[in-house]
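Colleague: Provided herewith is a single structure, encoded as structure tokens, for subsequent inquiry.
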Amino acid sequence: MQDYEKLGAFYLGKRYDLKKKSLKEEVILYDSKDLTTHAVIIGMTGSGKTGLGIGMLEEAAMDKVPVIAIDPKGDLGNILLTFPDLAASDFEPWVNPREAEKKGKSVSEYAAGQAGLWEKGLGEWGQGKARIKRFRDLVDLAIYTPGSSAGLPVSVLKSFNAPGPAVRNDMDLYRERIQATATGILALMGEDADPITSREHILISNLLDHYWGQDRNLDVAGLITAIQNPPVDRIGVMDLESFYPSKDRFKLAMQLNNLLAAPGFESWMEGEPLDAGKLLYTESGKPRISVMSIAHLSDPERMFFVTMLLNEIISWMRAQPGTSSLRAILYMDEIFGYMPPTANPPSKNLFLTLLKQARAYGLGLVLATQNPVDLDYKGLSNTGTWFIGRLQTERDKMRVMEGLEGATAGGKFDKQAMERTIAGLGKRVFLLHNVHENEAVVFNTRWAMSYLPGPFTREQIKRLMKDRKAAAPAPAVNVMPQATAAKAQQNAADSSPPPLPPSLDQYFIPASRPAGEGERLVYFPLVIAASDVGYSSARYNVNTEKRFGLVCEVDDGPVPVEWDNAETLEMDFDQLDAGPEDEAEYSELPSAAGKVKNYAKWEKLLKRWLRANKTLTLYKSESFKITSELGESEGEFRARLQQFAAEKRDEKVAALRKRYASKTRTLENRLLRAQQRIEREQEQSKQRKLDTAISFGTAILGAVLGRKKLSTTSASRVGTAVKSAGRMRKEAQDIEQAKETEAAVQEEMQTLEKQLQREIELLDTNFDAQNEELKEIVVKPRTTDVHIHFVGLGWAPHYQDKKGRLHAAWS
């Protein structure tokens, strides 16, 4: 582990001398904490922008910081091509055969050459196999392909989940979310809808507000039904029929239904739910780099997905506690079209919201573009870090200069010097302007650990994610047990409900969507139960209650109901219908389910089962003496521990920085004065370059102090003061004495640096939450704290299609 990794610094490259066109040995480090004020990367095609971006993501992984990376071009998936052995066989599947042919080599020969090139390049930049292995060990890597099965699928349209309380309680944010979601849905349908004048937009917005205001999720089928039969009577002051007649609403519902019925569109409904927390961390709490590849999508589909993703990220962000340390990164590889200067696509306000608010939650945005003209620089005025690479046209340079000048408002900005610097940038050479540092710096990006063959095709993504998809657990869906389904195929459903005792309570689960063409609604019997379970522990400050909804299959065997086989029913039990839908049919009822006395027995068994199986588990970290919160999973707790460790690390580094900055500044002033005396006596140049005169020459001090050391301007002022004092005293300085002073100060500097090195070695900043041994604390409910609301006969709706296949119609 490198020293700068212990300090949370990103290794970006080495300083570059533009005049001499040569690389210097000074390592350029970037404090991860500075990324909470966001960054923008601007550079033309071929500038090395993608390499810089992937390098930053690699460094984030080394610091255990998770990333969601939106990839419109297909380049970012290259980060998965990190090979700890650097073996030619690892490179061979990913090299370009055409490039091999051009060089007159076989694919295997070319792969061997690329492997050797990468090993040599990494070695020249102080990296090797061990660092690649550490990278792969520290982070989980995945490529998601919304609307495609090439990579990991992600379900975007299955459900429009209600935002959490943090968003609903912020009226501006809540309205933005409704507006952006409605705009995204209509954009996917090919409608360029204005939120003020479009009745389609206004209707969908009102429907979302109605359901979300009640903390209810809305799936696509439910939205189609709600458009046809809205749960509201008025829109504004007008009655619904006057505002949007039912005939026109039916056309809108059919338009959305036809979109869903289009070939291939089912892929938008498949895969993991769109969940920012799960994109950032695995179930075990391991940090992830989730690449959201959208190169295969049309422009409306891209806008829809980015809008939905940003909405989800904002909801996740607002649920996090505040922090000044970097918690996560949102990376966008090409911002063009999503944050333009004049137009107002649904993504723009969401990006502006994140740029304004994300800092408080430790979420850093990195926005990259090769189109600097079409960018809202006013929105980027609060961006703290600018990486500027080679630019193509004078117009590009002018726009970047305007944006950079706006970002440094209130600070010193030498426009002419900046223009000269930008004009001299070449491939892989960038200007780093960071508001947290006293000076800008030109650097050459380091060699990426990832192999960079260029944009992935869908076939390449499919190959890369094949094993991962095979290992992925199937998504949880509500389906009938196989035995019940087989029985249902054999037995015809009855159009009349079975005769039951009046005292037997029945509950009908509402269908989540209307019947499709040729489908018939069939109810299947289940035992349904609702209960509240209380937990209390004074020692661990626990006093809470959880509601459990369960459904369980019934059969006529010796044990008709086995609660171990029950499934969780996530719904508001006030939504249970008092009666069935019209024209519904009923599957055969097991005889045990028709006897009232059995339900009392099943209730007793349920109470015993809940007490034994629905315990509350907390986790405790012995390293930090922290206990998990209620409802926090082990993975979520480990992720929180990692963030806590990062915050403690940043506090220690800040203390080191504060202590050593003053000591260093004092020594630098003394050294400068001694050198000024020598110069005057020897009648040498009036001012020497400070970076060569008083540089410590190592990366470690830069990691602690950054570029906050004495600037050349300050050096000039000190030198002038020394000369003025010399003229007043009119005393000649002995050159030997001055040299002795210089040598003494340099020796003190070396001693100070060694002392700093020892303190850094003693810093315990290598905490890895994945390896932390957690103590499990189990809180069991008492018998008196288990309250059963009801155990009754439930009817679960399913649709049977023309071929006799059954599909669950409840969620």
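Colleague: Sort largest first and round to whole Å: the equivalent ellipsoid semi-axes of the stretch 334-400, each the square root of five times a Cα gyration tensor eigenvalue.
Modeller: Rounded to whole Å, the semi-axes are 21, 15, 9.
Colleague: With an 8 Å cut-off on Cα pairs and a minimum separation of 6 or more residues, tell me the relative contact order of the stretch 55-169 in percent. Walk me through the numbers on the way to the answer.
Modeller: On the way: 86 pairs, mean separation 28.6, N = 115.
Relative contact order for the stretch 55-169 comes out at 25 percent.
Colleague: By how many nm would the segment from Lys601 to Ala261 grow when fully extended, if each residue of separation counts as 0.36 nm and the alpha-carbon distance is taken off?
Modeller: Taking Lys601 through Ala261 to full extension adds about 117.8 nm, to one decimal.
Colleague: Return a single number: how many Lys pairs in the stretch 275-381, at a sequence separation of 8 or more or on separate chains, have alpha-carbon atoms below 13 angstrom apart. Before the final figure, lay out the partial values.
Modeller: Details: Lys278/Lys286; Lys348/Lys356; Lys348/Lys378; Lys356/Lys378.
Counting lysine pairs in the stretch 275-381 gives 4.
Colleague: State, as an integer percentage, the relative contact order of the stretch 1-79 based on alpha-carbon contacts under 8 Å between residues 6 or more apart.
Modeller: About 25 percent, as a whole number.
Colleague: Continuing with this model, one more query. Please give the calculated 222 nm ellipticity per residue for the chain, where each DSSP H segment of at least 4 residues contributes -39500 (n - 2.57) and the sum is spread over every residue; nearest 500 deg cm²/dmol?
Modeller: Calculated at 222 nm, the ellipticity per residue is -12500 deg cm²/dmol.
Colleague: With no solvent and one equal point scatterer per Cα, compute the Debye intensity ratio I(q)/I(0) for the chain at 0.05, 0.08 Å⁻¹ and report its log10, rounded to two decimals.
Modeller: Log-scaled intensity ratios, in q order: -0.36, -0.83.
Colleague: With Rg and the Kirkwood Rh both taken from Cα atoms, where does Rg over Rh land for the stretch 233-369?
Modeller: Rg/Rh for the stretch 233-369 comes to 1.05.
Colleague: Right, next: How large is the dipole of the chain about the Cα centre if only Lys and Arg carry +1 and Asp and Glu carry -1, each at its Cβ, rounded to the nearest 20 debye?
Modeller: Roughly 3500 debye, rounded to the nearest 20.
Colleague: Starting from the Kirkwood radius over alpha-carbon pairs of the stretch 173-219, derive D by Stokes-Einstein at 20 °C in a medium of 1.002 mPa s and give it in µm² s⁻¹.
Modeller: Answer, rounded: 201 µm²/s.
Colleague: Please give, to one decimal in nm, the separation of the simple spin-label points placed at Glu747 and Lys775, each 7 Å out from Cα toward the Cβ.
Modeller: 5.3 nm
Colleague: Which value results when the Cα radius of gyration for the stretch 769-811 is divided by 2.2 N^0.38 Å?
Modeller: Scaled against compact globular proteins, the figure is 2.34.
Colleague: With charges only on Cβ, +1 for K and R and -1 for D and E, what is the dipole size of the stretch 280-323 about its Cα centre, in debye, rounded to 20?
Modeller: For this selection, approximately 180 debye.
Colleague: Right, next: Would you mind pulling out the separation of the Cα centroids of the stretch 177-254 and the stretch 49-81, in Å?
Modeller: So the two Cα centres are separated by 38 Å.
Colleague: So, one more: Can you work out the FRET efficiency for the pair Glu570 and Ser149, with r the C-beta to C-beta distance and R0 = 22 Å, to the nearest 0.05?
Modeller: The formula returns an efficiency of 0.25 here.
Colleague: Please work out the average accessible area per residue across the chain, using the 1.4 Å probe convention, and give it in Å². Mind dumping the intermediate values first?
Modeller: Numbers: 37880 Å² over 811 residues.
For the chain, the solvent-accessible area averages 47 Å² per residue.
Colleague: Next up: So what is the orientation-averaged projected area of the stretch 29-107, using the convex hull of its C-alpha atoms, in nm²?
Modeller: With the hull built on Cα positions only, its mean projection is 7.3 nm².
Colleague: Roughly what would the spin-label model give for Arg199 and Glu101, points 7 Å off Cα along C-beta, in nm?
Modeller: The modelled label-to-label distance comes out at 5.9 nm.
Colleague: Ignoring solvent entirely, what values of log10 I(q)/I(0) come out of the Debye formula for the stretch 246-311 at 0.12, 0.13, 0.16, 0.25 Å⁻¹ when each Cα is a single scatterer?
Modeller: For the stretch 246-311, the Cα-only Debye profile gives -0.46, -0.53, -0.73, -1.20.
Colleague: Next question, about the same structure. What's the FRET efficiency of Ile626 with Leu500 using the Cβ-Cβ distance as r and R₀ = 60 Å, to the nearest 0.05?
Modeller: 0.70
Colleague: Highest mean first, what order results for 581-594, 317-330, 767-780 on Cβ atoms within 10 Å?
Modeller: Packing proxy ranking, top to bottom: 317-330, 581-594, 767-780.
Colleague: Using label points projected 7 Å from each Cα along Cα→Cβ, tell me how many nm separate Ala470 and Glu25, to one decimal.
Modeller: 5.0 nm
Colleague: I would also like to ask the following. Mind ranking 193-201, 360-368, 631-639 by how tightly packed they are, going by the mean number of other C-beta atoms within 10 angstrom, highest first?
Modeller: The most tightly packed comes first, giving 360-368, 631-639, 193-201.
Colleague: Only Cα pairs under 8 Å and at least 6 apart count here; give the relative contact order of the chain as a rounded whole percent.
Modeller: 19 percent
Colleague: Quickly rank 130-141, 218-229, 14-25 as a protection proxy: mean count of other C-beta atoms within 10 Å, highest first.
Modeller: Highest to lowest by the protection proxy: 218-229, 130-141, 14-25.
Colleague: Computed FRET efficiency, Cβ-Cβ of Glu405 and Ala130, R0 45 Å: what is it to the nearest 0.05?
Modeller: Once the sixth-power term is evaluated, E becomes 0.55.
Colleague: Considering only protein heavy atoms and a 1.4 Å probe, what is the carbon-and-sulfur percentage of the accessible area of the chain?
Modeller: 48 percent
Colleague: Further question on the same structure: Pop out the Kirkwood hydrodynamic radius of the stretch 531-624 from its pairwise C-alpha distances, inverse of mean 1/r, in Å to one decimal.
Modeller: About 16.6 Å for the stretch 531-624.
The values are calculated or read from the model by the stated rules, or taken from the named source; none is laboratory data. The shown structure was predicted, so the numbers you read here are calculated from the model rather than taken from an experiment. Quick reminder, even Gly has a Cβ in these numbers, built from the backbone with ideal geometry, and neighbours come from all protein chains shown. Protein only, heavy atoms only, side chains kept; ligands, DNA and RNA dropped before computing areas. Shrake-Rupley method; radii C 1.70, N 1.55, O 1.52, S 1.80 Å.
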